[in-house]
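Only the coordinates and a few stated rules stand behind these numbers; no lab work does. What you see is a predicted model; the values in this text were computed from it and never measured. Every residue, glycine among them, receives a Cβ derived from its backbone with ideal geometry; neighbour counts consider all protein chains shown.
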């Protein structure tokens with residue numbers, strides 16, 4: 001599909017190579033003159049097209065880490081690179097989605113999706129076609145001209161997801177994007193997110209406090225613990241993606257849940 | 001929303017028609033009682049001029065003598081120019097202040113001091129400084145109309161969702177883009193609320209200014225008529241201001257519905273259909 005091609009062609013040299021898309025070395029964040037350590041010594045690489053879940057209790061620094069990768073928050077120390085370049089602020093290759101839909105109430109769904117194009121410059125016919133395609137991809141074709149307040153919470157997050165993809169960024173950062181939704185909507189959106197990110201070939205980092213959700217979605221799970229915020233363990237999920245929801249009742253899946261839970265339990 | 005659309009509109013129309021008839025009947029009864037009471041000597045016509053004489057007053061002031069027109073024009077002129085100047089200054093200053101933390105810090109004490117001062121108390125000072133003429137009245141209306149839009153706009157600018165700002169930053173939006181695309185529209189309901197408050201006090205401000213010292217305007221006309229105990233004509237002036245105030249209120253309400261369409265379910269549907277149509281027209285050539 002057209003959108004998937006665009007995303008892959010954005011970084012031809014790294015599309016299938018082993019060069020990490022994100023590489024972090026000893027990244028830390030402190031607040032209040034170093035008295036509060038929000039994130040301590042985060043070191044990891046993320047390969048192209050990989051889906052990473054960050055899981056852990058409140059205060060473990062998972063959102064902090066995501067905002068640092070997004071360039072929204074300045075790191076206090078360490079080295080962080082996206083596509084080999086040091087992160088100095090928000091970057092066109094990186095896009096972020098929040099727990100709140102952060103849609104503009106006075107814009108229709110499709111106008112919200114077009115926001116990144118409008119910020120980047122003039123909205124072209126190609127942008128408009130892409131937005132239509134993304135609303136189709138997220139199942140919102142019939143709601144293109146609805147305003148956010150006319151949509152359910154789940155639909156609002158779909159619009160936010162379409163807007164995220166409209167940026168053309170190949171690194172997607174999602175901070176508990178479906179955390180405010182009910183269980184059923186969240187599960188359905190997770191299945192779709194899994195399908196869409198693999199279709200688009202984007203590299204994804206996804207923050208959640210739900211262990212099952214993390215394992216269901218990710219290639220690797222970064223298990224994080226608080227005081228100070230640290231990556232305590234990295235758990236591989238050797239199950240092919242995209243996954244069927246039925247996988248969540250298999251012994252393999254439950255073994256992984258137990259492994260993550262064990263890591264968290266020992267540190268809490 | 002859908003429930004209202006489901007009910008047959010004609011039944012609603014008949015019901016509201018009946019309500020209007022009932023209201024008119026009650027009003028007519030009240031007016032008749034007033035008229036009869038006045039003629040029978042129960043009500044003092046000095047304080048309660050007969051409805052018939054008020055009606056005759058309307059005819060005299062608006063048609064045969066026509067002397068209300070210059071006063072009405074003057075007052076309306078004061079209200080409109082003072083309202084526009086005062087509220088635009090309030091909104092403009094708030095937008096500047098809202099964008100800059102430093103300006104906000106240095107300006108805040110002055111704003112608090114001035115806001116705590118009753119506006120009308122400054123009226124005589126302004127008249128002493130600028131004279132009995134038109135300019136001092138406009139200045140007083142400006143003063144009355146400045147604060148509500150200023151405070152409301154500032155509030156609207158500052159209660160922007162932090163995540164919305166982060167979202168804009170993550171898309172590398174400039175400060176100006178964030179202002180234009182997020183902060184200003186976000187403040188719009190508050191700005192219009194401020195304008196409504198300002199407009200409501202503008203008329204009162206102009207009248208009080210005219211009561212203090214003036215040689216023309218509706219305030220002067222009312223003082224003159226009550227001074228010679230021509231209560232019917234004074235009532236004509238008051239009722240005129242009632243209608244004017246109501247018209248202003250309705251106008252502001254319509255403006256609010258037009259601009260802040262996204263808080264009104266019905267308006268949202270209309271705008272949504274219009275935008276869908278425009279989109280279809282633009283991409284008409286595409287298969």
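Once you have a ≥ b ≥ c as the square roots of the Cα gyration tensor eigenvalues for chain B, tell me rounded if a/c is under 1.5, and otherwise prolate or oblate according to whether a/b is larger than b/c.
Judged from the Cα gyration tensor, chain B comes out oblate (a/c at least 1.5, b/c at or above a/b).
Among A:206-216, B:31-41, how do they line up by average Cβ neighbours within 10 Å per residue, starting with the highest?
Sorting A:206-216, B:31-41 by mean packing, highest first, produces A:206-216, B:31-41.
Run the paramagnetic zone check for residue A:252: 7 angstrom along Cα to Cβ, then residues of the stretch A:191-219 with backbone nitrogen under 15 Å.
From the stretch A:191-219, the list is A:215-219.
With the radius of gyration and the Kirkwood radius both derived from the Cα set of the protein assembly as shown, what is their ratio Rg to Rh?
Across the protein assembly as shown, the Cα-based Rg/Rh ratio is 1.14.
Evaluate peptide A:145-151: per residue, the Cβ atoms of other protein chains within 10 Å of its Cβ; return the mean as an integer.
Per residue, the average neighbour count from other chains is 5.
Do the sum for chain A: with -39,500 (n - 2.57) for every DSSP H run of n ≥ 4, divided by all residues, what is the mean residue ellipticity at 222 nm, to the nearest 500 deg cm²/dmol?
-11000 deg cm²/dmol
If you take each beta carbon of peptide B:202-209 and count the beta carbons of other chains within 10 angstrom, what is the mean?
Mean partner shielding for this stretch: 0.
Just to be sure I understand: with springs between alpha-carbon atoms less than 10 Å apart, which residue in B:275, B:250, B:267 has the highest mean-square fluctuation in the Gaussian network model of chain B?
Comparing B:275, B:250, B:267 in a Gaussian network model of chain B, the most mobile one is B:275.
Using just the helices of chain B, give the 222 nm mean residue ellipticity in deg cm²/dmol: DSSP H runs with n ≥ 4 each add -39,500 (n - 2.57), and the total is spread over all residues, rounded to 500.
-26500 deg cm²/dmol
Work out how far the C-alpha atoms of the stretch A:176-268 reach from end to end along every principal axis, then list the three figures in whole Å, largest first.
Taking max minus min along each principal axis of the Cα atoms, the stretch A:176-268 gives 35, 28, 27 Å.
Using only Cα atoms, tell me the angle between helix B:68-99 and the longest principal axis of chain B; keep it within 0 to 90° and round to the nearest 10.
That works out to roughly 20 degrees.
Would you work out the Kirkwood radius for chain A? I mean one over the mean of 1/r across all pairs of different Cα atoms, in Å.
19.0 Å
Could you give the distance between the Cα centres of the stretch A:165-188 and the stretch A:191-268, to the whole Å?
The distance from the Cα centre of the stretch A:165-188 to that of the stretch A:191-268 comes to 15 Å.
Any idea what angle helix B:231-259 forms with the longest principal axis of chain B, computed on alpha-carbon atoms, 0 to 90 degrees, nearest 10?
The two axes meet at around 10 degrees.
Evaluated at 4 °C with a viscosity of 1.567 mPa s, what Stokes-Einstein diffusion coefficient in µm²/s does the stretch A:103-168 have when Rh comes from the Kirkwood expression over alpha-carbon pairs?
The estimated diffusion coefficient comes to 114 µm²/s.
Counting only other chains, and only Cβ atoms inside 10 Å, what mean value do you get across the residues of A:130-141?
0
What is the antiparallel percent of DSSP beta bridges lying wholly in chain A, to the nearest 5?
Within chain A, antiparallel bridges account for around 55 percent of the total.
Nearest-5 percent of antiparallel DSSP beta bridges in the protein assembly as shown?
For the protein assembly as shown, the DSSP antiparallel bridge percentage is about 55.
Give the angle, between 0 and 90 degrees and rounded to the nearest 10, that separates the Cα long axis of helix A:251-267 from the longest principal axis of the Cα atoms of chain A.
With both axes taken from Cα atoms, the answer is about 60 degrees.
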